[in-house]
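The values are calculated or read from the model by the stated rules, or taken from the named source; none is laboratory data. What you see is a predicted model; the values in this text were computed from it and never measured. As a convention, Cβ positions derive from the backbone with ideal geometry for all residues, glycine included, and neighbour counts pool all protein chains shown.
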Ligand code: SF4
Ligand code: SF4
């Protein structure tokens with residue numbers, strides 16, 4: 001019963017996440033960008049743009065220039081999250097690749113960094129009047145969700161161990177359509193339930209910043225409008241011919 | 001209106017950190033609203049004369065259309081994480097403390113409506129995601145706060161996703177125009193361009209008379225017959241400049257500088273009465289159709305005059321439209337000489353000549369001036385000069401250093417891409433918005449005050465007609481001289497030594513005497 005419920009929720013969550021995100025990305029890609037609007041100074045070439053994007057996505061360059069505290073907490077949270085996600089791949093891969101074995105100890109520590117980063121961001125959201133002003137219920141709930149996922153995960157790692165072999169069996173079973181029982185450990189169930197919820201919320205929430213950043217014209221366009229005539233929208237082009 | 005009731009005293013605010021973050025003052029600027037366009041002004045641009053009956057439905061439809069046609073808008077409306085990085089980046093927030101002037105809050109005025117009608121969460125759980133119906137109150141808020149954004153893009157520099165509030169403001173203004181709630185100042189001006197050819201409504205005759213007068217003045221001053229040609233077919237260069245250059249100070253002093261440079265370069269050039277305006281307020285009101293119509297006038301003029309090159313005078317947003325959009329909107333310009341940049345900025349033109357050693361300057365003629373430079377937003381953050389990123393910062397400064405002995409930059413976090421808007425850009429340069437213009441200028445005025453104290457700076461140069469006009473108005477309020485705002489080409493004009501001029505004789509004589517002493 002429990003296994004079936006969680007199995008079905010994870011199938012649903014995976015479908016919603018993949019379908020929703022795929023649809024959003026398709027929308028972003030297929031919506032025209034009628035004019036050249038890179039925020040300058042901008043790179044002149046496409047390789048330059050790739051480098052700019054890399055600096056944005058990996059180092060949060062613009063955010064660094066904007067506000068050192070938000071940058072610090074946000075960067076710690078995201079990097080830690082990346083490590084944590086990497087570490088969790090071991091529950092989906094058999095045998096576990098060498099690299100994941102190496103990541104494991106860092107991934108465990110990253111759990112703390114992630115929660116610490118989130119709490120620091122949340123504190124700013126509550127304490128700094130400007131940020132409190134722009135925060136809505138969904139912003140607080142999103143933080144609550146992520147913190148709860150982090151804390152339930154850490155609890156399983158350091159306090160109330162769960163039968164991790166069985167958990168891995170459950171997920172491998174999901175992937176190969178050969179369901180295996182899920183341990184009924186409450187912390188585990190909370191952790192997994194929240195993760196499924198996060199997956200479902202993703203394509204309907206501000207988490208869309210993850211694909212969005214790659215499609216942001218102010219960041220992904222090259223500053224080359226004098227070198228190459230830019231034609232970004234059929235509509236403008238048609239009007240220009242008519243005239 | 002708001003301006004009359006304000007108790008803001010600029011002199012009390014001119015000292016301090018330009019980027020000091022104010023306390024939140026909720027509702028402080030809710031009363032700031034520009035005059036609404038009259039029916040005739042609306043209809044001339046293809047918009048309904050007044051607020052239409054079913055405005056709500058129409059506005060929502062228009063929002064949908066805009067989102068479907070702008071990747072920027074769609075991505076920006078979806079991606080904001082409310083991180084707060086942009087909250088202290090807008091000069092209007094810094095100057096007013098009104099939280100709705102924080103870029104993210106300004107975006108949210110539109111985003112909450114987008115969420116309500118176009119997203120799943122906004123339809124079913126609006127309270128959770130801050131989605132709201134488009135009510136009359138919301139529309140009022142839009143009209144007020146989307147006219148407290150100069151579309152300067154400072155916020156987009158700092159946002160981790162490059163969210164550009166200027167794009168959001170343009171969309172909001174387009175929607176308001178579409179339902180019949182236009183802004184008088186901008187729409188009236190666009191109408192003048194369509195009817196007469198420029199923002200100021202100067203007819204060809206008046207232009208001709210002005211230019212003839214300038215020829216006389218310059219010949220009197222220099223002894224050299226510097227020409228100010230208008231509508232001369234077969235000239236090599238079409239110079240398109242903001243019409244303020246034909247009219248007001250310090251703009252006109254800059255125009256004289258262009259003409260002197262063109263003369264000394266020995267090129268044939270002309271203005272056009274049909275395209276006697278570089279500015280394009282179509283961008284401010286977010287109407288691509290109107291922006292394109294204005295832009296196409298330049299194409300038409302260039303083709304009809306048979307010129308080979310296109311050069312733009314000192315104007316910020318005009319240079320954005322020229323540099324970034326013109327080829328897309330009104331191109332291709334394949335009939336022009338492809339060996340030159342299309343279009344070229346007058347600063348690039350002048351600086352090239354300086355680099356080639358073709359211009360001589362007597363810098364001492366600017367010795368009474370201790371100068372700084374105000375980077376105009378649209379030049380700094382939405383365009384380029386030269387062939388390297390950031391050329392838009394280096395080239396004007398190179399010209400100023402070549403023409404003036406005393407040059408000092410303002411604080412690093414207030415120049416280049418971090419530059420602070422003059423406070424009057426984006427279609428806000430109208431008297432009824434003086435209150436928000438004054439307050440929005442505060443960060444820049446403080447940065448200027450700092451260099452005035454530290455380096456004895458007396459003047460500030462700019463390459464934007466709007467900046468110049470705005471500063472002429474606000475500088476005196478902050479305790480500076482009204483004439484402390486100068487054009488970059490005014491400095492050129494002051495210092496340039498024209499071949500065969502009276503100044504050349506003095507210059508040569510001075511050089512000779514120096515040589516003899518040695
Ligand atoms: S910096 Fe960008 S993501 Fe952050 S609050 Fe401002 S607009 Fe939103
Ligand atoms: S574009 Fe400029 S004026 Fe508009 S919100 Fe951003 S910083 Fe403020």
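Of the candidates B:134, B:139, B:181, B:128, the single residue that is away from ligand 2 (no atom under 12 Å from the Cβ), in a helix (DSSP H, G or I) and touching a residue at least 60 places away in the same chain (Cβ under 8 Å) is B:139.
Only one residue in B:118, B:47, B:76 is more than 16 Å from ligand 1 (Cβ to nearest atom) and under 30 Å from residue A:23 (Cα atoms). Which one?
One residue alone meets the criteria, B:118.
Scanning the stretch B:202-228 for residues that are in a loop (DSSP other than H, G, I, E, B) and surrounded by 16 or more Cβ atoms within 10 Å (Cβ to Cβ) yields a count of 5. Residues in the stretch B:397-439 that are within 14 Å of chain A (Cβ to nearest Cβ), assigned to a helix (DSSP H, G or I) and away from ligand 1 (no atom under 16 Å from the Cβ): B:412, B:413, B:414, B:416.
Look at residue A:43 and say whether it is buried (at least 19 other Cβ atoms within 10 Å of the Cβ), more than 8 Å from chain B (Cβ to nearest Cβ) and part of a loop (DSSP other than H, G, I, E, B).
Working: buried (at least 19 other Cβ atoms within 10 Å of the Cβ): yes; more than 8 Å from chain B (Cβ to nearest Cβ): no; part of a loop (DSSP other than H, G, I, E, B): yes.
For residue A:43, the condition - buried (at least 19 other Cβ atoms within 10 Å of the Cβ), more than 8 Å from chain B (Cβ to nearest Cβ) and part of a loop (DSSP other than H, G, I, E, B) - is not met.
Scanning the stretch B:320-350 for residues that are touching a strand residue (DSSP E or B) at 6+ places or on another chain (Cβ under 8 Å) and within 11 Å of another protein chain (Cβ to nearest Cβ) turns up B:322, B:323, B:333, B:340, B:342, B:343, B:344, B:345.
Looking at the stretch B:131-138, is at least one residue at pLDDT 95 or above, over 23 Å from residue B:378 (Cα atoms) and within 25 Å of the chain's Cα centre (by Cα)? Break it down into steps so the answer makes sense when it comes.
So the first thing to find is which residues in the stretch B:131-138 are at pLDDT 95 or above, and the list is B:131-138.
Then keep just the ones that are over 23 Å from residue B:378 (Cα atoms); that gives B:131-138.
Subsequent filtering for residues that are within 25 Å of the chain's Cα centre (by Cα) retains none.
Scanning the stretch B:131-138, I find no residue that is at pLDDT 95 or above, over 23 Å from residue B:378 (Cα atoms) and within 25 Å of the chain's Cα centre (by Cα), so the answer is no.
Taking the condition assigned to a strand (DSSP E or B) and at pLDDT 95 or above, does residue B:491 pass? Here the answer is no, as residue B:491 does not meet what is asked.
Hey, among B:34, B:22, B:48, which residue is surrounded by 13 or more Cβ atoms within 10 Å (Cβ to Cβ) and either at pLDDT below 95 or under 25 Å from the mean Cα position of the chain (by Cα) (or both)? Give the steps one after another, and end with the answer.
Values: B:22 fails: either at pLDDT below 95 or under 25 Å from the mean Cα position of the chain (by Cα) (or both); B:48 fails: either at pLDDT below 95 or under 25 Å from the mean Cα position of the chain (by Cα) (or both).
The match here is B:34.
Only a single item in (1) surrounded by fewer than 24 Cβ atoms within 10 Å (Cβ to Cβ); (2) within 16 Å of ligand 1 (Cβ to nearest atom); (3) in contact (Cβ under 8 Å) with a residue 24 or more places away in the chain is not met by residue B:153, and it is number (1). Scanning the stretch B:91-107 for residues that are near ligand 1 (Cβ under 10 Å from one of its atoms) and surrounded by 24 or more Cβ atoms within 10 Å (Cβ to Cβ) yields B:102, B:103, B:104, B:106, B:107. Exactly one residue out of A:24, A:55 is in contact with a helix residue (DSSP H, G or I) (Cβ under 8 Å, 6 or more places away or on another chain) and either surrounded by 15 or more Cβ atoms within 10 Å (Cβ to Cβ) or under 17 Å from residue A:208 (Cβ atoms) (or both), and it is A:24. When residue A:130 is tested against (1) at pLDDT 95 or above; (2) crowded, with 18+ Cβ neighbours inside 10 Å; (3) more than 14 Å from every other protein chain (Cβ to nearest Cβ), just one condition goes unmet, and that condition is (3).
Can you confirm whether residue A:95 is over 21 Å from residue A:207 (Cα atoms) and more than 14 Å from chain B (Cβ to nearest Cβ)? Before you say what the answer is, go through the steps one by one.
On the way: over 21 Å from residue A:207 (Cα atoms): yes; more than 14 Å from chain B (Cβ to nearest Cβ): yes.
Against the criterion (over 21 Å from residue A:207 (Cα atoms) and more than 14 Å from chain B (Cβ to nearest Cβ)), residue A:95 qualifies.
Does residue A:172 qualify as being assigned to a helix (DSSP H, G or I) and either within 14 Å of chain B (Cβ to nearest Cβ) or in contact with a strand residue (DSSP E or B) (Cβ under 6 Å, 6 or more places away or on another chain) (or both)? Explain how you work it out, then say what you get.
Numbers: assigned to a helix (DSSP H, G or I): yes; either within 14 Å of chain B (Cβ to nearest Cβ) or in contact with a strand residue (DSSP E or B) (Cβ under 6 Å, 6 or more places away or on another chain) (or both): no.
Criteria not met by residue A:172.
Against the definition (within 14 Å of chain B (Cβ to nearest Cβ), under 30 Å from residue B:89 (Cα atoms), at pLDDT 95 or above and within 17 Å of the chain's Cα centre (by Cα)), how does residue A:144 come out, yes or no? Considered against the rule, which asks whether it is within 14 Å of chain B (Cβ to nearest Cβ), under 30 Å from residue B:89 (Cα atoms), at pLDDT 95 or above and within 17 Å of the chain's Cα centre (by Cα), residue A:144 comes out as yes. Listed by position, the helices (runs of 4 or more DSSP H) contained in the stretch B:45-124 that have at least 2 residues being more than 16 Å from ligand 2 (Cβ to nearest atom) and farther than 30 Å from residue B:192 by Cβ are B:55-69, B:71-79, B:103-118, B:120-124.
Answer yes or no: is there a residue in the stretch B:450-462 that is out of contact with any strand residue (DSSP E or B) (no Cβ under 6 Å at 6 or more places or on another chain), surrounded by 24 or more Cβ atoms within 10 Å (Cβ to Cβ) and on the phi > 0 side of the Ramachandran plot.
Here is the first cut: in the stretch B:450-462, the ones out of contact with any strand residue (DSSP E or B) (no Cβ under 6 Å at 6 or more places or on another chain) are B:450, B:452-456, B:458, B:462.
When the remaining residues are screened for being surrounded by 24 or more Cβ atoms within 10 Å (Cβ to Cβ), the result is B:462.
Imposing the further condition that a residue be on the phi > 0 side of the Ramachandran plot reduces the set to none.
There is no residue in the stretch B:450-462 that is out of contact with any strand residue (DSSP E or B) (no Cβ under 6 Å at 6 or more places or on another chain), surrounded by 24 or more Cβ atoms within 10 Å (Cβ to Cβ) and on the phi > 0 side of the Ramachandran plot.
Residues that are under 30 Å from residue B:377 (Cα atoms), surrounded by fewer than 23 Cβ atoms within 10 Å (Cβ to Cβ) and free of Cβ contacts under 8 Å to residues at least 40 places away in the same chain occur at least once in the stretch B:484-498.
Being within 14 Å of chain A (Cβ to nearest Cβ) and either closer than 30 Å to residue B:79 by Cα or within 16 Å of ligand 1 (Cβ to nearest atom) (or both), is that true of even one residue in the stretch B:181-203? Looking through the stretch B:181-203, none of the residues is within 14 Å of chain A (Cβ to nearest Cβ) and either closer than 30 Å to residue B:79 by Cα or within 16 Å of ligand 1 (Cβ to nearest atom) (or both). The set of residues in the stretch B:276-309 that are buried (at least 24 other Cβ atoms within 10 Å of the Cβ), under 15 Å from residue B:342 (Cα atoms) and in contact with a helix residue (DSSP H, G or I) (Cβ under 6 Å, 6 or more places away or on another chain) comprises B:278, B:295.
Out of all the residues in the stretch A:111-123, is one or more surrounded by fewer than 19 Cβ atoms within 10 Å (Cβ to Cβ), modelled with pLDDT of 95 or more and more than 20 Å from the chain's Cα centre (by Cα)? Looking through the stretch A:111-123, at least one residue is surrounded by fewer than 19 Cβ atoms within 10 Å (Cβ to Cβ), modelled with pLDDT of 95 or more and more than 20 Å from the chain's Cα centre (by Cα).
Every condition in (1) facing chain B (nearest Cβ under 7 Å); (2) surrounded by fewer than 18 Cβ atoms within 10 Å (Cβ to Cβ) holds for residue A:35 except the one numbered (2).
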